[in-house]
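The values are calculated or read from the model by the stated rules, or taken from the named source; none is laboratory data. The structure displayed is predicted, hence computed values, not measured ones. Cβ placement follows ideal geometry from the backbone for every residue including glycine, while neighbour counts extend to all protein chains displayed.
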Amino acid sequence: MLNDKVTIVTGAGSGIGRSVAMICAREGAKVLVSDINVTSGEETAAMVKAAGGDALFFPADVGKPADNKALVEEAIKQFGRLDVACNNAGIAGMRAHLTDYSLDEWAKVINVNLSSVFYGMQPQITAMLATGGGAIVNIASILGAVGFSTTTAYTAAKHGVVGLTQVAALEYSARGVRVNAVGPGFIHTPLISELEQNPTVEAMLVSAHPIGRLGKPEEVAELVAWLASDRASFVSGAYYPVDGGYLAR
Ligand code: NAP
């Protein structure tokens, strides 16, 4: 359970982040729903409340350090503390081989998918240390462990998220802040809708998951909620795939 744990979820207007917000709230968390997209973020907060949970929306672009700081300040202003943060927001970026990958797109994907986790953890860990600890769950990917052709920046960023998670865990676990990463396989969300529209690509993706299908956002969120909870009290610095067996091949 996450009884009254004050929880930030970034990119919570859609997909995995929305499910993390819903499931953490179901477990009793007070959720500060955040997204760059105000409409979808507010919709998630309304969905949490309609299901009987406690949520507020606060807009933030995770690629901006000041927005990450403001988000943590909002958690403290509204709820008095910060216990849990799920750094989830991310983008797919362009699909191109490395030599064709644009410099602008590289900078954008690295900023939104990797630098954002650094920008987020700085104020999050500072706030958690002030109240005796907390738990951070960073959303990486199976592409934080292996490569995938045409995803140069995305794969580099997700490997970076795993490394950042390990460093943060080494530095802060003894002071009560557990930091872990989750590596979803391909999950049905708008992020991969373009891939899914091509039946050949979709069949290829399904066949890469030994379980025989793609994942659902809530199947990732269940793991996040567990890692965020005190039931995971001895778990820190780890990378957990939730991938239907993708990485077992
Ligand atoms: P999604 O459905 O596209 O949701 C991502 C959310 O983040 C959207 O609401 C998006 O808003 C928002 N966002 C985009 N840029 C942002 C920014 N700069 N600041 C704040 N919010 C921003 O994607 P998802 O599949 O749930 O992905 C969530 C996380 O899981 C990502 O880190 C992704 O890399 C990771 N992941 C996904 C899969 C998968 O197969 N789906 C697999 C492995 C890992 P807009 O819609 O307005 O852009």
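Scanning region 1-47 for residues being among the charged types (D, E, K, R), surrounded by fewer than 19 Cβ atoms within 10 Å (Cβ to Cβ) and assigned to a helix (DSSP H, G or I) gives a total of 3. If only residues of region 95-126 that are within 14 Å of the ligand (Cβ to nearest atom) and aliphatic (A, V, I, L, M) are counted, the one that is surrounded by the fewest Cβ atoms within 10 Å (Cβ to Cβ) is ALA107. Within region 181-195, which residues are crowded, with 17+ Cβ neighbours inside 10 Å and more than 9 Å from the ligand (Cβ to nearest atom)? Residue satisfying the conditions is ALA181 alone.
Tell me which helices (runs of 4 or more DSSP H) are completely within region 79-190 and hold 2 or more residues being of a type in the set (Phe, Trp, Tyr) and modelled with pLDDT of 95 or more, or say none if there are none. Because the criterion is at least 2 residues that are of a type in the set (Phe, Trp, Tyr) and modelled with pLDDT of 95 or more, the helices (runs of 4 or more DSSP H) in region 79-190 that meet it are 116-130, 152-172. If you filter region 3-28 down to residues that are closer than 16 Å to GLY80 by Cα and touching a helix residue (DSSP H, G or I) at 6+ places or on another chain (Cβ under 8 Å), you find that the one that is nearest to the ligand (Cβ to nearest atom) is ILE8.
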